[in-house]
Amino acid sequence: MKKILLICSLILFFGFAHSQVHTPRQLFPGLFEAVQLSDIFPDSKTFVDATPKREPALIMKDYHEQKGKQNFDLKKFVNDNFIIPGTNNNGFKSDISAGILKHVDTLWQVLYRKRDTASKYSSLLPLPNDFIVPGGRFRETYYWDSYFTMLGLQESHKTKIIQNMIGNFAYLLDTYGFIPNGTRTYYLTRSQPPFFSMMLDLLAKDEGDSVFIKYQPELLKEYAYWMHGAGQLKPGQAYCNVVKMPGGEIMNRYWDYSDKAREESFKKDSDAAKLTKQTPSAFYRSIRGAAESGWDFSTRWMDTSGKLESIRTVFIVPVDLNCLMYHLELSVAKSYKLQGNEGKYQFYLDKALRRKKAIQKYCWSEKDSWFMDYDWKLKHTTPIQTLAGVYPLEFKIADKKQADTMAFVIKTKFLKRGGLVTTFNRSGQQWDSPNAWAPLQYITIDGLNNYHKSGLARSIAITWIRTNIDVFNTTGKLMEKYNVIDTDVKAGGGEYPLQDGFGWTNGVLLDLMSRYHIDQL
């Protein structure tokens with residue numbers, strides 16, 4: 001297994017060396033650690049997003065000459081040598097009186113970015129097309145956020161921006177062989193939930209199924225990234241993002257090619273690693289794997305203690321990830337069907353059907369009436385019931401009986417005063433109770449409609465729309481996440497303050513308001 005990890009690391013190293021990509025920690029050794037451990041910026045993402053004003057070698061030369069002097073001021077040194085990023089909201093102020101739809105329409109302009117022409121030593125990865133950012137501290141493109149943002153862009157008839165953003169993701173696949181978590185050098189060791197094929201479904205509504213042929217090469221690259229090494233495993237083994245299950249089935253997990261503290265959360269990761277019984281490298285790998293999932297962080301990834309130091313993401317086969325991989329396999333099959341290639345069509349369709357059976361076999365819990373994650377190391381489902389279990393409804397993997405029992409669980413357990421809660425655990429982590437997130441509301445509503453649970457779906461949608469509008473009328477903002485139990489209290493938890501903007505909240509809200517013909521409540 002150590003040999004396997006070494007191969008993964010070498011693949012990463014040589015890929016980076018070829019593209020001459022350098023992260024802030026690589027460019028500024030010593031200075032990076034000093035800044036990130038000093039708390040001179042409240043947000044640990046600030047420094048890694050800063051742009052050097054001159055050659056890194058010259059900055060490092062001055063740093064080594066000055067750092068030992070009695071009056072050395074680290075923060076002043078950084079401000080003198082780097083352009084410190086802001087939130088780039090261009091002085092935008094909400095006009096509550098104009099209503100929430102006008103607000104979102106204006107936000108598209110606020111969150112719009114021209115194609116990147118990144119400075120040579122910036123951590124920003126350049127992109128060929130214009131795009132929409134999530135907002136707040138998230139100043140760059142993020143992978144899975146973008147799908148839910150596109151839902152609203154489509155409702156706003158902004159097909160050109162959707163085309164541009166999909167073009168950017170295709171460019172990333174062609175350039176790096178995968179779509180990174182976000183367009184920063186320090187994200188180039190992991191991806192995020194693979195929504196690229198879902199994005200093509202959206203674009204096909206406007207442009208037709210030819211988009212699946214056009215982007216077939218990129219669909220295949222996405223699939224190759226997630227399935228890398230699948231052919232060399234024995235049952236009970238894992239390699240990068242793939243796991244071979246006890247019955248010989250291939251499923252996927254979240255994984256990161258680095259086993260170091262995340263550069264954008266360096267101090268928090270370093271401090272947390274001191275509390276774990278795991279080796280630092282194992283701990284960091286699971287922390288990073290959870291970041292790849294987008295659920296950073298949740299008791300979903302932890303042992304029964306629910307403590308961050310017990311995180312074990314790499315041993316978990318997530319139900320949502322495997323549903324997305326099922327959709328990717330179907331999309332690749334569809335692209336070949338459209339080309340008239342019956343052999344390749346059947347090849348990928350068979351892969352999808354085998355995965356569907358595996359999701360049923362390993363993730364369905366009769367006891368919980370719910371789809372759960374599977375712990376491939378302990379060989380049983382995990383004990384944490386989460387809203388990720390609705391993904392088999394979205395992708396029509398659940399059977400009718402399962403959908404019936406799941407609808408009851410959704411209505412009686414997950415649905416709260418302000419929307420669907422993510423888990424039932426109040427851990428202080430942002431992907432746990434009492435928080436709710438727009439993407440999971442959308443997947444649940446859409447999934448329920450697939451099984452003709454239209455009344456429950458509408459009830460959830462109205463509840464979520466009302467939560468968004470109530471907070472907007474109070475604050476003038478749309479938030480990254482919401483507290484749906486104590487609805488008068490802001491959502492909390494996580495590694496950073498509550499962000500507003502917010503790309504995926506805007507997108508889901510517009511989609512639901514249009515679907516249910518609601519202008520205001």
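Picking from residues in segment 263-279 that are out of contact with any Ser or Thr (no Cβ under 9 Å at 6 or more places or on another chain) and not small (Gly, Ala, Ser), the one that is nearest to residue 241 (Cα to Cα) is 279.
Yes/no matrix, rows are residues, columns are (1) in contact (Cβ under 8 Å) with a residue 40 or more places away in the chain; (2) hydrophobic (A, V, I, L, M, F, W, C):
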{"site": "292", "(1), (2)": "yes, no"}
{"site": "306", "(1), (2)": "yes, no"}
{"site": "316", "(1), (2)": "yes, yes"}
{"site": "367", "(1), (2)": "no, no"}
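Read through the list (1) among the small types (Gly, Ala, Ser); (2) modelled with pLDDT under 95; (3) surrounded by fewer than 16 Cβ atoms within 10 Å (Cβ to Cβ), then give the number of the only condition that residue 494 fails. With respect to (1) among the small types (Gly, Ala, Ser); (2) modelled with pLDDT under 95; (3) surrounded by fewer than 16 Cβ atoms within 10 Å (Cβ to Cβ), residue 494 is out only on (3). Looking only at residues of segment 33-50 that are surrounded by fewer than 19 Cβ atoms within 10 Å (Cβ to Cβ) and part of a loop (DSSP other than H, G, I, E, B), we find that the one that is modelled with the lowest pLDDT is 39. Scanning segment 217-262 for residues that are within 21 Å of residue 296 (Cβ to Cβ) and within 17 Å of the chain's Cα centre (by Cα) gives 225, 226, 241, 252, 253, 254, 255, 256, 257, 262. Does segment 95-105 contain at least one residue that is surrounded by 15 or more Cβ atoms within 10 Å (Cβ to Cβ), assigned to a strand (DSSP E or B) and within 26 Å of the chain's Cα centre (by Cα)? No; the residues of segment 95-105 include none that is surrounded by 15 or more Cβ atoms within 10 Å (Cβ to Cβ), assigned to a strand (DSSP E or B) and within 26 Å of the chain's Cα centre (by Cα). Residues that are without any contact (Cβ under 8 Å) to a residue 40 or more places away in the chain and crowded, with 17+ Cβ neighbours inside 10 Å within segment 457-491 comprise 457, 471, 479, listed in sequence order. Scanning segment 462-521 for residues that are touching a helix residue (DSSP H, G or I) at 6+ places or on another chain (Cβ under 7 Å), among the hydroxyl-bearing types (Ser, Thr, Tyr), assigned to a helix (DSSP H, G or I) and farther than 13 Å from residue 436 by Cα yields one hit, 514.
Looking at segment 51-89, which of the residues that are touching a residue at least 60 places away in the same chain (Cβ under 8 Å) and not in a loop (DSSP other than H, G, I, E, B) is farthest from the chain's Cα centre (by Cα)?
Residues of segment 51-89 that are touching a residue at least 60 places away in the same chain (Cβ under 8 Å), as a first pass: 51-52, 55-56.
Subset that is not in a loop (DSSP other than H, G, I, E, B): 51-52, 56.
Details: 51: 25, 52: 28, 56: 31 Å.
Per the criteria, the residue is 56.
Annotation: of all residues in segment 161-185 being more than 15 Å from the chain's Cα centre (by Cα) and over 19 Å from residue 213 (Cα atoms), the one that is surrounded by the most Cβ atoms within 10 Å (Cβ to Cβ) is 185.
Give 30, 15 a once-over and let me know the one that is surrounded by 12 or more Cβ atoms within 10 Å (Cβ to Cβ) and modelled with pLDDT under 50.
Working: 30 fails: modelled with pLDDT under 50.
Of 30, 15, the one residue that is surrounded by 12 or more Cβ atoms within 10 Å (Cβ to Cβ) and modelled with pLDDT under 50 is 15.
The values are calculated or read from the model by the stated rules, or taken from the named source; none is laboratory data. Every value quoted in this text rests on a predicted model; they were computed, and no experiment measured them. Glycine gets a Cβ as well: all are built from the backbone with ideal geometry, and neighbour counts include every protein chain shown.
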